[in-house]
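Notes for the one structure printed next.
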Amino acid sequence: MKLAERLLLGSLLVVGVLVAFVIVIAGRRIENRLAQETTATLASEARLVGLQWTRGVDADSLADRAGAALGHHVSLVDSAGLIAGDSDFDRPTLARLESQLPLREIAAARAGATGSSTRVSPSTGEEELHVAVPAPRGVARVSMTTRALEEVLGRAKRDVVVAALPALLIAIALSYWLARSISRPIVELSNGAAKLASGDLSHRFSLIGSGEVGDLASALRRMADELGSRFSALESEDVLMVAVIESLSEGVVVFDTRGRIVRINESARRLLGVTSTIPAPSDWMPRDRVLREAISGSIAGEDIAPAETTIDERILVITARALPAGGAVLTLFDLTPLRRIEMVRRDFVANASHELKTPLTVIGGFAETLAEDDPPEPQRRQFAAAIRSNAQRMQRLVDDLLDLSRIESGGWVPNPIDLDIRIVAEELLAPERIRILSPGVQTELTIAVGAERVYVDPTALRQILTNLIENAARHTEAGTVRVFSTAEPGGIWIGVEDTGTGIPQAHLPRIFERFYRADPSRVRGPGGTGLGLAIVKHLAEAHGGRVRAESTVGKGTLVAALFPHRAIVTNA
């Protein structure tokens, strides 16, 4: 077979395939265009119906009128997902219809978009196209059967086929002439190269053979494969880079040459309060002088040294670097937790030193007197008693510090059980024990109905009540110390109320801090360690609860801890 005949047969085959391909593609494009236009039309109708669904308008009557006017099935779905009005169902039937929330078009419309789906209607048994849009009082949906669309599509396909037959005959006649040239492979190679240039790296050349045309096709195929692999590698690297940047706890912001934000990770959004989508202008960043100077200087090509500033009560270290190709990258490091830890450490050292200094001074002074002088027996006993009292105070301080450290570090985990509050409270309110704490104090126990038992660690409850009772007795010279329990939906409140000196309102928010004392002059006797209420707070929080305090100067104080029902116990 001659080359011309082979080319002719090849041309005829190609033309036939192209005609079939055109018919298929045209049919699909017509189908897609018809579906899009129909969807847009139904969406417009739904929006029109939705705008009429306002307060005071009967949804079912509106749906009936709209359905009759439009010739389509109209449904109005309220915010709870129930059909408030429908042109195909009466009111009794509407009450039996299921929630529409799981439907795809309803979910999309509730999200603020136009939703569409196709499914078989349970009432008519026909396939319907449903289009839903958001409305002021819910979702408006307009539906129609796809039978009409299929009829239009069938006619369009027949028209395409009829139009394609003459074109096929003409193409066959022209193929004889085209077969005499070698333009076809050149054109195909040119078209393929254009697709590659436009970014369609999936296109491959079908030409195989020897000679310059075959060599060119092979070279283009190899080039497409190489470009595809390189682009895949770049995409993988970009995905990895994005994942790394998003995983950083430091904030990262990238600016282009015009000062627009082109990339920002989640940490930077949180630190700077940026919620806008990118690209966005840098003017949307917080108006902080240090931040603004770092941005403008780095975009101008300067490398900005680390600088510290405060934005929204966060202490940030800002560093900016100019990019070689223009633009800049800004990094943010949050120093707030470190500064908070440093402040806590300084306060702890200062408070612990202050609390230990007084008993150590007393012990040292009396011990020196006993060692160098020879005081009478009564004074020696008095000095020894003072040394023992201050040593016990230091021991209590050390014990409380160890307990607090163990609770805060998670070394102690509550082991809660169902406990009778009255038994524990009566044990701690024993007369001989209270007499030692404060001879002039009377005790009461009030257990509310429904608050007789609590789910709590027994040791923790005893320590909480012990600290609260001792605090109340220490601040009450003559009066009443009452242990009580009350119930609320969230759990059981257990606390102690006294009729003592009270706490000024200015000091009340800080009484649960370590070593904090509202007014040492109000305390009868040597006072506590200043850690009791801090321990109470951490023990309550370890059970998933919380604490509260109420006080009036001269009338008394109430401190209570909440223990949730079957609380979620945490490592404090």
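The values are calculated or read from the model by the stated rules, or taken from the named source; none is laboratory data. Everything numeric here is computed off the predicted structure, so don't read it as measured data. Ideal geometry is used to build each Cβ from the backbone, glycine not excepted, and the neighbour counts take in all protein chains shown.
Computed quantities for the displayed model
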read-out: Among residues of the range 325-382, those that are modelled with pLDDT of 70 or more, of a type in the set (Asp, Glu) and over 31 Å from the mean Cα position of the chain (by Cα), counted; value: 5
read-out: Subset of the range 293-349 [of a type in the set (Asp, Glu), assigned to a strand (DSSP E or B) and free of Cβ contacts under 8 Å to residues at least 60 places away in the same chain]; value: GLU308
read-out: Qualifying residue in the range 77-87 (condition: part of a loop (DSSP other than H, G, I, E, B), more than 30 Å from LEU168 (Cα to Cα) and more than 41 Å from the chain's Cα centre (by Cα)); value: yes
read-out: Residue count for the range 242-278, restricted to those that are over 22 Å from the mean Cα position of the chain (by Cα) and part of a loop (DSSP other than H, G, I, E, B); value: 4
read-out: Residue satisfying condition, being in the same structural domain as HIS538 (by TED's automatic domain parsing), of a type in the set (S, T, N, Q), in contact with a strand residue (DSSP E or B) (Cβ under 7 Å, 6 or more places away or on another chain) and in contact (Cβ under 8 Å) with a residue 12 or more places away in the chain, within set THR486, THR501, THR466; value: THR486
read-out: ALA506 being modelled with pLDDT of 90 or more, assigned by TED's automatic domain parsing to the domain that holds HIS538 and in a loop (DSSP other than H, G, I, E, B); value: no
read-out: In the range 153-162, the residues that are exposed (fewer than 12 other Cβ atoms within 10 Å of the Cβ) and closer than 10 Å to VAL22 by Cβ; value: none
read-out: Filter pass, ARG158 being out of contact with any Gly (no Cβ under 7 Å at 6 or more places or on another chain), more than 30 Å from LEU9 (Cα to Cα) and modelled with pLDDT of 75 or more; value: no
read-out: Residue within the range 425-436 that is surrounded by 12 or more Cβ atoms within 10 Å (Cβ to Cβ), modelled with pLDDT of 70 or more and not in a helix (DSSP H, G or I) present; value: yes
read-out: Selection from the range 88-127 of residues that are on the phi > 0 side of the Ramachandran plot and within 40 Å of the chain's Cα centre (by Cα); value: GLY112
